[in-house]
Amino acid sequence: MADQLLSTVTDYHSLPENYVRPEDQRPRLAEVVSDAHIPVIDMSAPDKSHVVSQIGHACRSYGFFQVLNHGVPVELMLKMLVVTLEFFRLPPTEKAKLYSDDPAKKVRLSTSSNIRKETIRNWRDYLRLHCYPLEEYVPEWPCDPSSFKEVVSAYCKEVRQLGLRLLGAVSLSLGLEEDCLVKALGEQGQHMAINYYPKCPQPQLTYGLPAHTDPNALTILLPDPDVAGLQVLKDGRWIAVDPLAHAFVINIGDQLQALTNGKYKSVLHRAVVNPEKERISVASFLCPCNYAIISPPERLISEGSPAMYRSYTYEEYYKKFWTRNLDEDPCLELFQS
C-alpha cells in the first residue's frame, strides 16, 4: 500500500484519474481573492487588552488569523520545516515502514485524507503524530532523519504553550475567566499532521485538501514560507492566505464553535496545490480530552441565545468525524439542538 504515496514519485506528467474532481467540485482558482484583510496580531504588543480584543474580532469575523511575535523561537520553526522536507525525501523503503491507512493509529504515514472511504483522493501525503504526553508517543516516532525526534519534540512543547496562551485570550475575549475554556477542554490531547503537497500537473482539477472545518478545538499551522496554498471561505468567496515570515496561522475548530455557542466560527478552509513547486505545512491540533463534556458556559447562553448544540463528549464527536469523508457537510451539524 505504501506505493500509493505521492512522495515516492519525483515527477507527475498528468493527474491520475482518481484525483480528478467533477467539474462542479473543482477549486475555480481564477475566482480566488488575494489575501488583503485576514487579521494579523502581534502578540508582543504592550496593550494586552487590545490583543485580546483583536483576537475576539478575528474569531467572530473570520475564525482565522495570523500571529507574529508569538514566543516560539524562529530557529525552531525553521528546523521544523527542514526536518519535514528531509522526512518526505527519505527513500521509499524507509517511508513504507510507517505507512498505514488506519485512522486509529497514533503514528502513521498516509496519503490523501481517509483513503479507506474516499472515491476521489487529495493531492497530499502526511505524517500523523500524537504528541501529548510526549514521553508516551516519542518512542514510536521516526528515527530517521536523525534529528527528527529532538526537533519535533521541542517544537511540540513550544506550540502547546502557545495554544494554551491563545485559549486564555479567547476566553478573555468572551468575557470569561482566562482559564475557563482550558478547564472546559480538560487535559487536552495534542497531535499534528506534517503535510507534503507535491508539484501537481493539473492543480485546477484537484485539491490538497477540500473544504472542511477542523474537528478539534484550536489549530496552529506552520505554513510553507515560500508557497501559498491555504484558502479560507469568507462571505461566500475563497480568500488566499499569504503566509507571513515567522508567523503562525491560527484557526478555530469545531469544539470552540460549540463551546462559544456559535459566537466564534469554525470556518471552512481548504488547501490547493501548485504546478511548479512542492509545498509543506505542519498543522498542530489541540483537542479536548476524550471525556470532556462539550457544552457552552452558562454565561454564553440566554433566552435570546439558546444552546445551538446538544451536550456531547469529544470521543463521541471524533468517532463520528472519522466515519465521514472530509468534504461532507461539517460534522458539527450532527450535534445541533
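The values are calculated or read from the model by the stated rules, or taken from the named source; none is laboratory data. Predicted, not measured: the structure shown is a model, and the values here were computed from it. Quick reminder, even Gly has a Cβ in these numbers, built from the backbone with ideal geometry, and neighbours come from all protein chains shown. Surface areas here come from the heavy atoms of the whole protein model, side chains and all, with no ligands, DNA or RNA. Shrake-Rupley method; radii C 1.70, N 1.55, O 1.52, S 1.80 Å.
How would region 251-306 be classified by its alpha-carbon gyration tensor: rounded, prolate or oblate, with rounded meaning a/c under 1.5 and the a/b versus b/c comparison settling the rest? Oblate is the answer for region 251-306, as a/c is 1.5 or above yet b/c matches or exceeds a/b.
Between the C-alpha center of region 224-239 and that of region 119-170 there is a gap of 23 Å. Listed cross-link partners Lys157/Lys183; Lys183/Lys319; Lys48/Lys149; Lys97/Lys149 are compared with a 24 Å cut-off, the Cα-Cα value being larger for Lys48/Lys149.
Left without a cysteine partner by the 4.7 Å Cβ rule in the chain: Cys59, Cys143, Cys180, Cys200, Cys287, Cys289, Cys331.
Summed over the residues of region 237-337 and divided among them, the accessible surface reaches 44 Å² per residue at a probe radius of 1.4 Å.
Each residue of region 255-272 was assigned a 3J(HN,Hα) from its phi angle through the Karplus expression (A = 6.51, B = -1.76, C = 1.60, θ = phi - 60°), giving 5, 6, 4, 5, 5, 8, 6, x, 5, 10, 9, 8, 8, 4, 9, 8, 10, 9 Hz with x at Gly and Pro. Shape class for region 79-173: oblate, because the ratio a/c of the largest to smallest gyration tensor axis (alpha-carbon atoms, square roots of eigenvalues) is 1.5 or more and b/c is at least a/b. Surface composition of region 186-257: carbon and sulfur make up 49 percent of the accessible area, probe 1.4 Å. Mean residue ellipticity, 222 nm, helices only, the chain: the sum of -39500 (n - 2.57) across DSSP H runs of n ≥ 4, divided by residue count and rounded to 500, is -7500 deg cm²/dmol.
GNM, the chain, Cα, under 10 Å: largest mean-square fluctuation among Thr260, Thr119, Thr111? Among Thr260, Thr119, Thr111, the largest GNM mean-square fluctuation belongs to Thr119. Taking region 18-37 and a reference point 7 angstrom along Cα→Cβ of Gln204, the backbone N atoms nearer than 20 Å belong to 18-34. Look at the Cα gyration tensor of region 1-108: its axes a ≥ b ≥ c give a/c of at least 1.5 with a/b at or below b/c, and that counts as oblate. Backbone amide hydrogens, once placed in the peptide plane, bring Arg108 within less than 5 Å of Arg128, excluding anything fewer than 5 places away on its chain. Looking at the chain, do any whole DSSP H helices span at least 15 angstrom along their long axis by alpha carbon and average 0.0 or above on Kyte-Doolittle, and which? Taking the DSSP H segments of the chain (at least 15 Å long, mean hydropathy at least 0.0), we get 74-88, 148-173. Here the chain is treated as a Stokes sphere of Kirkwood radius computed over C-alpha pairs; at 20 °C and 1.002 mPa s its diffusion coefficient rounds to 105 µm²/s.
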